[in-house]
Each structure stands twice: as structure tokens, then as C-alpha cells.
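See below for the structure under consideration.
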Amino acid sequence: IDGNIQEDMEKLQNAFPGFRHRYRLIKRIGEGTFSTVYKAEDLQYDRYDNSWDFEKETEKWSAPPLKSFTTQSSMTLESTIGSTPESQQLQQRRKPKFVAIKKIYVTSSPNRILNELELLHDLRNCPSVCPLITAFRQTDQVIAILPYFRHSDFRQYFREMTVPDMAIYLRSLFTALSFVHARNILHRDIKPTNFLYDPATQRGVLVDFGLAEREGVDCKPCLCHDDPLNRKNRLRAAHHASSAPHNGYPKQDTRPSRRANRAGTRGFRAPEVLFKCTEQTTKIDIWSVGVILLTILSRRFPFFNSADDVEAMIEIATIFGQKRMRAAGQLHGCMFETTIPTIGTAGFSLERIILWSTCRSDGGEKLSKYEQMAVDFLNRCMELDPGRRISADEALEHEFLSLGAE
Ligand code: ADP
Ligand code: MG
């Protein structure tokens with residue numbers, strides 16, 4: 001292990017009194033914008049109910065209440081130690097139990113950290129969502145303890161996936177989303193590194209609720225959520241306004257600037273996020289799943305590779321074309337205009353895009369029957385209009401995902 005990592009691991013072990021009696025740090029497994037994650041062995045896992053054992057009953061996943069985090073000002077690990085010869089013997093006989101220790105950067109706001117832990121606690125019994133075992137705080141440092149889930153790097157397996165493999169993968173992801181969305185929670189950062197998947201067992205768990213939010217918090221009404229009649233009238237008015245003559249970009253723009261939650265990862269952001277719709281719903285997660293499926297079908301990762309939101313908009317517009325982008329913008333009271341020559345009026349079908357990406361467009365090749373089924377499903381996930389986009393529950397009923405049913 002490289003010296004810096006070793007040093008960080010030492011620091012973590014020293015920060016929490018009693019750490020070494022409770023956990024044996026093994027290696028660093030992830031480093032992101034908001035946290036560092038380590039694999040560790042839980043030396044006293046039998047002190048908790050061990051229902052988080054992935055290999056056993058996944059339905060009974062549960063975590064003890066977050067008492068230690070929310071009500072005690074400073075929880076030390078020492079109070080949970082006291083290993084007896086007896087328990088040591090037990091440990092020797094048992095298979096080691098592994099946990100993932102997520103060290104949340106101290107620069108994250110306390111509200112953000114509490115939000116993540118509370119949401120995980122709310123979601124503790126949801127299949128395919130990685131449960132929280134417990135969490136500890138020492139002064140400003142918070143660590144979350146999760147069951148370790150064996151998984152492979154997406155880039156290692158996505159090119160080999162058959163259409164039924166894709167259905168199994170997505171069924172698992174949509175199962176998680178169906179529970180998350182039923183609790184009115186938006187994950188906001190759906191992407192391959194946040195869905196841990198083991199191709200060998202074909203099981204996956206959703207992780208990383210660091211950007212998740214409850215639906216409806218901090219939202220202003222947006223056109224895309226009007227009732228159908230209201231929406232039709234307002235769309236007509238917006239269309240009328242945008243077809244009126246105008247001379248390029250306004251010099252003195254008096255319109256109020258739009259601010260909306262733009263959390264998430266470039267390339268996976270839904271069009272309504274790019275259009276800065278103020279009332280974002282669980283449908284933004286569905287779009288992101290669509291981007292994952294497009295990546296797998298086109299065998300290209302990352303599929304979208306934009307540096308900012310404007311580039312992201314250009315990439316989406318290149319596929320969907322000006323006409324559909326204009327209609328999508330109007331839903332959120334935005335005008336979509338461009339002089340970029342590669343953005344055509346009609347755009348391309350996702351079928352075309354996939355045939356191109358997989359070098360099958362020359363000989364007039366067609367998608368297989370299964371692939372066509374996947375593309376029909378993809379079209380439902382990548383609906384520009386969030387109101388028409390498929391929901392997680394509807395997705396689980398779709399014929400494509402039934403290919404992945406046991
Ligand atoms: P971040 O907010 O830094 O992205 P994540 O919760 O996404 O934090 O974790 C980062 C990485 O750590 C994941 O992409 C994954 O590789 C690894 N990881 C997180 N949780 C687990 C877990 N329960 N089991 C195994 N690996 C995990
Ligand atoms: Mg992550």
C-alpha cells in the first residue's frame with residue numbers, strides 16, 4: 001500500500017479511540033469528492049445482530065437505530081469494546097465479516113452528513129439498497145459503517161453484457177429505485193460507481209446518498225408539473241412568445257436568473273436539471289439509468305463527456321434534435337436556440353446512435369429482437385419530458401425487465 005494511504009489509515013485509526021479493537025483496516029477501496037472508503041474486517045460483528053450478512057437473508061436487512069450518532073454528543077468506540085476470550089474463540093471459528101468504512105470529509109457540512117445518514121436510516125430495509133450498520137463521530141470526523149459488498153468495476157464487464165444480463169442489472173437497480181422513490185427520496189447521483197454490481201452473482205446494491213434529497217424540498221412550481229389542460233395552454237403561450245421576432249441574445253437581460261439544484265454528475269444529468277427546472281422529481285434518477293443503459297448498448301464509456309452544462313446540453317441536443325429540445329425547454333419556460341450546424345432539426349433515433357456506436361451502420365444492419373426491446377425501454381427512460389418518462393414501478397413491469405426476472 002502506498003505511503004500516503006498508509007498514513008491516512010493510521011490517522012483514521014488514531015482518531016477514534018478503540019478503533020483497532022473493533023475494526024481491522026484492510027485497504028482503501030474508494031476515493032471521491034466527498035469521502036474516502038476503506039475495506040475493513042469487523043472484529044466484533046456478533047455484537048450487532050448480523051442480519052446484514054449479504055450471503056444470508058437479504059430481505060431481513062436492518063441496522064440498529066442511529067442513537068449513537070444523533071443523540072450522543074460524542075460516541076467513542078471504547079464503550080463497545082471488551083473482547084472476552086470467549087468471543088475471540090467465536091471469531092476464530094467464523095468467516096471474517098467485512099465492512100466498508102466511509103470516512104466523510106470534514107469539509108462536508110454537518111447538515112449534509114446528517115441528511116445522508118438519516119436517509120440511509122430511512123432506507124434500511126429496502127432490498128438492493130446498501131444498509132447503514134452504524135455511524136460514529138469524533139469531533140468533526142464522521143464515519144459510516146456499511147456492509148462490504150463485493151463488486152467489479154463497471155468498465156471491466158459492461159462490454160460483455162448480453163441483453164438478458166442488462167435486464168438483470170437494471171432490474172436490480174430499479175428494485176432499489178422503486179423503494180427509494182416510494183419514500184419520496186431522489187438519489188440525484190445515479191451512475192455506475194454508485195451502483196455496486198457483482199457480475200458473478202448478478203446482484204447489486206445502490207450506495208452513496210450523499211446528494212440525495214427528499215422530493216419537494218425547496219421546489220417552486222414548474223410548467224412540467226401542471227395538470228394537462230393548464231399545461232397545454234401555458235405551452236401554447238410559451239411557444240407563441242418564442243416564435244415572436246427577436247434579435248439574438250438580449251443585451252440587457254432583465255429576466256430573473258434561474259437557480260436550481262444542479263447536484264449530480266456531468267453526463268448523467270437529466271434535461272430538466274440542465275434547463276434548471278425548479279421542481280425536480282424522482283424522474284431525474286430514471287434519466288440517469290437511461291444513460292447507463294445507453295452506455296451499455298453502445299459499448300462506450302463514458303457515453304457523454306461534457307465539461308459543463310452547456311456542453312451537456314449540446315450532446316443531448318445532437319441526439320434529440322432542435323425540435324424536440326425546443327419543446328423540452330418550453331416545458332420549463334426556457335427557449336432552446338442554437339446555430340451549431342451539427343445539431344439538426346430532427347436529430348437521430350437512439351437505435352441509429354447505437355448502431356453507429358457499435359460500427360454496424362454500414363451494411364444496413366439491424367438491431368436484434370432483444371436489442372430492439374432494450375431500445376424501446378431506453379426510449380421510455382430517456383424521455384425528454386419528465387412527465388412522460390417511465391417510473392421505477394412501471395419499469396419493473398416492462399417486458400424488457402421481465403427478461404431479468406427470476
Ligand atoms: P463518494 O461520496 O465518495 O462517491 P460512495 O459512497 O459512492 O462515496 O463510495 C465510494 C466508493 O467506495 C464506491 O464507488 C465503491 O467503490 C466503494 N464502496 C462504497 N460503499 C461500499 C460498500 N458497502 N461495499 C464495497 N464498496 C463500497
Ligand atoms: Mg459515489
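Every read-out reported here was derived from the displayed coordinates using simple, explicitly stated rules and does not represent laboratory data. Bear in mind the structure is a predicted one, so any value in this text is a computation, not a measurement. Backbone-built Cβ (ideal geometry, glycine too); neighbour counts: all protein chains shown.
Return the FRET efficiency for the residue pair residue 150, residue 388: r is the Cβ-Cβ distance, R0 is 41 Å, and the value is rounded to the nearest 0.05. FRET efficiency, residue 150 to residue 388: 0.65. The residues neighbouring residue 98, those whose beta-carbon lies less than 9 Å from its own, together hold a net charge of +1 under the Lys/Arg +1, Asp/Glu -1 convention. Please work out whether the stretch 335-381 counts as rounded, prolate or oblate from its C-alpha gyration tensor, where a ≥ b ≥ c are the square roots of the eigenvalues and a/c under 1.5 means rounded, while otherwise a/b larger than b/c means prolate and anything else oblate? Because a/c hits 1.5 or more and a/b fails to exceed b/c, the stretch 335-381 counts as oblate.
With q set to 0.09, 0.21 Å⁻¹, the log10 of I(q)/I(0) for the stretch 294-406, from the Debye formula over equal scatterers at the Cα positions, is -0.28, -1.30. Annotation for the stretch 334-406: chymotrypsin sites (Phe, Trp or Tyr not before Pro) lying in DSSP loop with at most 16 further Cβ atoms inside 10 Å of their Cβ are 348. For the stretch 347-386, the list of trypsin sites (Lys or Arg not before Pro) that fall in a loop by DSSP and count at most 14 other C-beta atoms within 10 angstrom reads 360, 366.
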